[in-house]
Amino acid sequence: MKGTARNERKRRYENSAYFYVAAILLLVALIVVFPIGYTVYISLTNMNLYHWFDFEFIGIGNYIRAFSQANSEFLSSLGLTILWTIANMVLITLVSLVLAVLLNVKGFKGRNVYKTLLMFPWAVPSYVSILLWRIGIFNGEFGLLGDIARALGSDSFYILQSYWGAFFASLLVNVWLSYPFTMTMMDGALQSIDQSLYEAARLDGAGFWRTTFNVSLPEIVPIVAPSLLMTAFMQFKQFDVVYLLTLQKGAQTGAGLQTIITYAHTTAFESNNYGLSSAISTIIFMLIALLFSRFAYREAKEGRN
Amino acid sequence: MKRLAIIPIAAFLAATALAGCTTEQGGPTTLTFWHDNDEAMMNYLASAATDALKDEGITVEAVKKSGIQDQIKLYGNDSSNGPDFFFGAHDAIGAYAEMGILAGIEGYADATTLGSFLDSTVDAGEYKGTKYLFPLYAETNLLFYNKDLWKGEMPTTTDGLLAYNEARVKEGGYGFLNQYNDTYNAAPWINGYGGFVINEEATPGISDAKTKEGAAYNARFAPTMSDGTYDTITNLFLEGKADGILAGPWFVSSVKDAGIDCGYVSLSRFELPNGEVLSPYEGVQGFAVMKYAEGKKDAISKALKAMATVEVATDLAKNYNCTPALEAASDVAEVTSNEMVKETQYTIAESAVPTPNIPEMGVMWTPFTNFLTAVNKGENIDEAATKYQADAVQAIENMH
């Protein structure tokens, strides 16, 4: 009897926990779950300019449409987005790693000053940074690239007007905006490595490269992997760099660069087809959710092992 | 006692719920219109209407909303938070009409009032047989030139303009600049050659032979106009490094702030090699009324009428370089003495064409700009036209 009463108390105690978190769960449901659910709902309707208020349920028509047009901009933008994500991740990881390792070189006195300076791209609002890059660096007349071209005796050129030029320019800006986060994570991970491992490596005669590849990297990978994954998702749905450099209203450069998220934006706000745009957004969401859940599952499995 | 407390609460709720239904019965009425325009000009319009209607207890308020087109779409059916009417350009009318959020303007302005405007300005706001716009002023692109920099006489042909530009570039300067990749700014060349961005049947005109001819001729100007971006060309002109620029009335305040002694020339004064003249888009700015504002019909009608007087039109021309839609104001000395207004009137009379107001125009800007960019970069014009025509057709399909 005593045991039953204890169990009852325990059950009540546990149930009360749900009550205390109910408010925050409701908030999460309102600001996270509801918009996702509503987007999925809209993606199953014909909500567009011609059915703005009287839209109807049309099933998965918008999804079929997004995938069935073999030459559609949707598929080409999806392909470009995959390339964009891979290129960004390779560059961001490399740049962040090199900088983090350099910051952790033993006896480096300017560490704090350099770390602060390297964090600068993170401190400036991205909107401002991107416009500064557009005008200060890429602009054919006033920008640094134009000056360099003229100094080399060539005509000034506007890199943002060509497809691949705009791609590489956007890539450069995005890496510049993104590396401080991963660099900070890597720096923190490097700082947390037990110094005795380095001492042991040195006693074994390992130099800088050997300790970096055999001690530092294996030690930081488990720590920085989740942040790299997060960064990858952020690149996949990156919007403002490509939009502000090439597609901003009144300042379109004509490069024709469309990632999947700028394509979703164009479909929603230029074509005014919220049904189709919501379907594209849902596909983006599903892709990210699928990849993330696979990773989370693997992490959990590794954790258990 | 607790039950009794519900009575004042219920009374309060009932009173507030009915509050929105008052006003037309003689009480004071506040009308709100949204705009994304010069705040001083819009506040002037609001105060002109309020002053004229103060005996009737009607107050008009102007509220600036950035990105008004998206805001109107968002609040188009929301009478509690949306405006009673709004001020905007005619080319968005078709989209709003398809959404079903606008009231026909003939319910708010009688035939005499609408007849007092220039026909082209009323027609510009008509979509599928219904008039939606109460026009106030018209605008077109003009050639702005720096009187201190421009060398010699103004050419009378586009070839003359091109030669002027080439000579100035050879000297290390800049002649007349334009956003040559931009649809709106390249339109004078395209329209002048008989081409089109999109026709009334919503067929994109990118692959039209005359459009290609116009685009090819427009491309000849590109090497003389820096990179042709808005940032660059406006800075070059405002810094006194470029002799001229293609711009509209919205650019005047920047020019004045920069202290440039500026002259204006109608694009209709430049003859193209095909014998026609440059033909820019004409934009008409005016008021459109929300469908849900039916309950304030009388007050809105009076407010609109109060803003369509010769005095108001003259003030707008004098202070804000607006070309009046009101026919009676067109000949007023204070209006015609304004060089910019005079040149705009000339353009409208000679060669301007209204920017298409069909909803499909909204998706044409991107493919057309991409097409122009490709041509201006020297890509094969036929291939570019085929590619971007297909993109435009796809974008239109995506609307449905």
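One table, with the values for the structure above:
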{"read-out": "The lone exception for B:ALA303 - which of (1) modelled with pLDDT under 95; (2) within 13 Å of chain A (Cβ to nearest Cβ); (3) crowded, with 23+ Cβ neighbours inside 10 Å; (4) over 21 Å from the mean Cα position of the chain (by Cα) it fails", "value": "(2)"}
{"read-out": "Single residue of A:ILE283, A:ILE260 found to be touching a residue at least 60 places away in the same chain (Cβ under 8 Å) and crowded, with 23+ Cβ neighbours inside 10 Å", "value": "A:ILE260"}
{"read-out": "Residue that is farthest from B:MET399 (Cα to Cα) [pool: residues in the stretch B:65-103 that are within 14 Å of chain A (Cβ to nearest Cβ) and among the hydroxyl-bearing types (Ser, Thr, Tyr)]", "value": "B:SER79"}
{"read-out": "Elements of type helices (runs of 4 or more DSSP H) contained in the stretch A:91-170, each with 3 or more residues being over 20 Å from B:THR373 (Cα atoms), more than 14 Å from every other protein chain (Cβ to nearest Cβ) and within 27 Å of the chain's Cα centre (by Cα)", "value": "A:111-118, A:120-123, A:126-132"}
{"read-out": "Within the stretch B:192-282, helices (runs of 4 or more DSSP H) holding 3 or more residues that are buried (at least 16 other Cβ atoms within 10 Å of the Cβ) and at pLDDT 95 or above", "value": "B:209-221"}
{"read-out": "Among the candidates B:GLU126, B:GLU171, B:GLU153, residue that is outside the structural domain of B:LEU246 (by TED's automatic domain parsing) and either modelled with pLDDT under 95 or surrounded by 17 or more Cβ atoms within 10 Å (Cβ to Cβ) (or both)", "value": "B:GLU126"}
{"read-out": "Matching entry among B:ASP36, B:ASP78, B:ASP110 (being of a type outside the set (A, V, I, L, M, F, W, C) and in contact with a Ser or Thr (Cβ under 7 Å, 6 or more places away or on another chain))", "value": "B:ASP36"}
{"read-out": "Residue in the stretch A:154-163 that is surrounded by fewer than 20 Cβ atoms within 10 Å (Cβ to Cβ) and acidic (Asp, Glu) present", "value": "yes"}
{"read-out": "Evaluation of B:HIS90 against (1) outside the structural domain of B:GLN179 (by TED's automatic domain parsing); (2) out of contact with any strand residue (DSSP E or B) (no Cβ under 7 Å at 6 or more places or on another chain) (one fails), failing number", "value": "(2)"}
{"read-out": "Any hit, the stretch A:171-180, residues being within 14 Å of chain B (Cβ to nearest Cβ), at pLDDT 85 or above and buried (at least 21 other Cβ atoms within 10 Å of the Cβ)", "value": "no"}
{"read-out": "The stretch A:269-286: number of residues that are within 14 Å of A:TYR243 (Cα to Cα) and part of a helix (DSSP H, G or I)", "value": "1"}
{"read-out": "Which listed residue, of B:GLU334, B:GLU294, B:GLU339, B:GLU327, is charged (D, E, K, R), in the same structural domain as B:PHE33 (by TED's automatic domain parsing) and under 30 Å from B:ALA186 (Cβ atoms)", "value": "B:GLU339"}
{"read-out": "Residue check, A:PHE74 touching a residue at least 40 places away in the same chain (Cβ under 8 Å) and outside any helix (DSSP H, G or I)", "value": "no"}
{"read-out": "Total residues in the stretch B:44-61, condition part of a helix (DSSP H, G or I), of a type in the set (Gly, Ala, Ser) and in contact (Cβ under 8 Å) with a residue 24 or more places away in the chain", "value": "3"}
{"read-out": "Restricting the stretch B:216-230 to residues that are of a type in the set (Gly, Ala, Ser) and within 12 Å of chain A (Cβ to nearest Cβ), the residue that is nearest to the chain's Cα centre (by Cα)", "value": "B:GLY228"}
{"read-out": "Residue list for the stretch B:165-219, filter: on the phi > 0 side of the Ramachandran plot and touching a helix residue (DSSP H, G or I) at 6+ places or on another chain (Cβ under 7 Å)", "value": "B:GLY194, B:ALA202"}
{"read-out": "Filter pass, A:ALA255 being outside any loop (DSSP other than H, G, I, E, B), within 14 Å of chain B (Cβ to nearest Cβ) and out of contact with any Pro (no Cβ under 6 Å at 6 or more places or on another chain)", "value": "no"}
{"read-out": "Hits in the stretch B:321-348 (condition: within 21 Å of B:LEU114 (Cβ to Cβ) and in contact (Cβ under 8 Å) with a residue 60 or more places away in the chain)", "value": "B:CYS322, B:THR323, B:PRO324, B:ALA325, B:LEU326, B:GLU327, B:ALA328, B:SER330, B:ILE348"}
{"read-out": "Output for the stretch A:258-268, where each listed residue is within 11 Å of chain B (Cβ to nearest Cβ) and either more than 23 Å from B:ASN185 (Cβ to Cβ) or assigned to a helix (DSSP H, G or I) (or both)", "value": "A:THR262, A:TYR263, A:THR266, A:THR267, A:ALA268"}
{"read-out": "Flag for A:VAL242 being buried (at least 16 other Cβ atoms within 10 Å of the Cβ), within 14 Å of chain B (Cβ to nearest Cβ) and of a type in the set (Val, Ile, Thr)", "value": "yes"}
{"read-out": "Residues of the stretch A:89-115 classified as among the basic types (Lys, Arg) and either closer than 13 Å to A:MET185 by Cα or modelled with pLDDT of 90 or more (or both), total", "value": "1"}
{"read-out": "Helices (runs of 4 or more DSSP H) enclosed by the stretch A:192-249 - at least 2 residues per element that are over 28 Å from the mean Cα position of the chain (by Cα) and not hydroxyl-bearing (Ser, Thr, Tyr)", "value": "A:195-203, A:208-211"}
{"read-out": "Qualifying positions in the stretch A:32-67 - small (Gly, Ala, Ser), away from every other protein chain (no Cβ under 12 Å) and assigned to a helix (DSSP H, G or I)", "value": "A:GLY37, A:SER43"}
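Residues checked against (1) within 14 Å of another protein chain (Cβ to nearest Cβ); (2) surrounded by fewer than 19 Cβ atoms within 10 Å (Cβ to Cβ); (3) among the basic types (Lys, Arg); (4) within 21 Å of the chain's Cα centre (by Cα):
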position	(1), (2), (3), (4)
B:LEU45	no, no, no, yes
B:ALA49	no, no, no, no
B:GLU56	no, yes, no, no
B:VAL63	no, yes, no, yes
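The values are calculated or read from the model by the stated rules, or taken from the named source; none is laboratory data. The structure displayed is predicted, hence computed values, not measured ones. Every residue, glycine among them, receives a Cβ derived from its backbone with ideal geometry; neighbour counts consider all protein chains shown.
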